[in-house]
Amino acid sequence: MMVRLFACCTLLLAVTHHDESTAQAEVLSDMVMIPAGEFLMGSPEDGLSFDDEHPQRLVYVASFSIDRYEVTNAQYKQFVDGTGHPPPSHLTPRFNLWTETAPLPGSDKHPVVNISWHEAGAYCRWQGKRLPTEAEWEKAARGTNGRRYPWGIDWDIFSGNSASYWAGRTIEFKDGEAWKAFWMNGDGARASHEHGLTGEVLTLPIGTFPQGASPYGVFDMAGNVAEWVQDWYEPYSYLNAPLSDPQGPHGQLLKVVRGGSWLKPARNIRASDRDYALPTDRATGIGFRCARDVW
């Protein structure tokens, strides 16, 4: 009897180990390895870039792996179900895209949003990963030659999910009032009402724009949702940042957000563009993807 019980337990342990190994293999198989080396980080003073992208410089990044796609609602639900972690939420009810502990029907493959920086990091750790550094993110997005967008040097409204995509023309906002006019009463408001989740949020399923993939085959690095990265934000940190595996400044207030989102104009979809948010923010335009060291 004891032998039979021991055999059963041994089999159970073997099956459990197999399941965990299989799950880990599935997680890692959807990552892209970015080789070690230098790349051009930041932007020249070209009239299109912002001051916090200067100066452009050669930065060395050690090899690492990064998720091919942004983390989806379906993936985040596994985290919620498996850990008891609270589901994504927003202070404004109409921007909530989950009902209790499940995403809205039909949104499983959309990137998860309404996630704080802390929650994004907790998910990555649950996966045995971490958030990418700002330098890692930018290299994965643009490659080594300083291209402006993941797909190349020239702007294309149909290579990523942005305000321009929904308007069918290139959109730039000269100020906050122009942004409000577009999203409150203009083409953006109409698109949100007609196509958005809850008539508000215009995320799209991951991988919708294969033509917009980065040189390494990483998807949605321009638009859809902006993405949390590891680093604190300081506007002039590039002036004295290390040139080898920079980990970001010793900030205290804001975290860097990269990649632009469905809400953003063309200028903010560039691979070198830097945005920021409070680490406690849960916004409809911010999601994330994870990275992992390569040993």
Legend entry - Near pairs, Cβ below 6 angstrom, 6+ apart or cross-chain, from the stretch 234-254 (more than 16 Å from W117 (Cα to Cα) and among the aromatic types (F, W, Y)) to any residue that is open to solvent by less than 100 Å² (accessible area, probe 1.4 Å) and part of a loop (DSSP other than H, G, I, E, B): Y238/G42
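Part of a loop (DSSP other than H, G, I, E, B), in contact (Cβ under 8 Å) with a residue 40 or more places away in the chain, open to solvent by 30 Å² or more (accessible area, probe 1.4 Å) and of a type in the set (F, W, Y), is that true of Y69? Spell out the reasoning first.
Numbers: part of a loop (DSSP other than H, G, I, E, B): yes; in contact (Cβ under 8 Å) with a residue 40 or more places away in the chain: yes; open to solvent by 30 Å² or more (accessible area, probe 1.4 Å): yes; of a type in the set (F, W, Y): yes.
Judged against the criteria, Y69 is a match.
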Inset, instruction - Would you please name the residue that is nearest to F209 (Cα to Cα), looking only at residues in the stretch 261-272 that are among the charged types (D, E, K, R) and open to solvent by 10 Å² or more (accessible area, probe 1.4 Å)? - result: K264
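So for the stretch 182-205 (the condition being assigned to a loop (DSSP other than H, G, I, E, B) and open to solvent by 60 Å² or more (accessible area, probe 1.4 Å)), does at least one residue qualify?
The answer is yes, given that some residue of the stretch 182-205 is assigned to a loop (DSSP other than H, G, I, E, B) and open to solvent by 60 Å² or more (accessible area, probe 1.4 Å).
Being touching a Phe, Trp or Tyr at 6+ places or on another chain (Cβ under 9 Å), in a loop (DSSP other than H, G, I, E, B) and either open to solvent by 10 Å² or more (accessible area, probe 1.4 Å) or on the phi < 0 side of the Ramachandran plot (or both) is the filter here, so list the residues in the stretch 131-149 that pass it.
Hits for the stretch 131-149 are L131, P132, T133, T144, N145, G146, R148.
Among the residues of the stretch 91-110, how many are in a loop (DSSP other than H, G, I, E, B) and not polar (S, T, N, Q)?
Looking only at that region, the number is 9.
Does P215 satisfy being more than 20 Å from D67 (Cβ to Cβ), part of a loop (DSSP other than H, G, I, E, B) and touching a residue at least 40 places away in the same chain (Cβ under 8 Å)?
Values: more than 20 Å from D67 (Cβ to Cβ): no; part of a loop (DSSP other than H, G, I, E, B): yes; touching a residue at least 40 places away in the same chain (Cβ under 8 Å): yes.
So P215 does not fit the description; no.
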Legend entry - Residues (surrounded by fewer than 18 Cβ atoms within 10 Å (Cβ to Cβ) and either closer than 22 Å to K129 by Cα or among the aromatic types (F, W, Y) (or both)) located in the stretch 224-248: Y236, S244, D245, Q247
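The values are calculated or read from the model by the stated rules, or taken from the named source; none is laboratory data. Keep in mind the model is a prediction, meaning the values are calculated, not measured. For neighbour counting, all protein chains shown are included, and Cβ atoms are generated from backbone atoms with ideal geometry for every residue, glycine included. All accessible areas refer to the heavy atoms of the entire protein, side chains included, with ligands and DNA or RNA removed. Shrake-Rupley method; radii C 1.70, N 1.55, O 1.52, S 1.80 Å.
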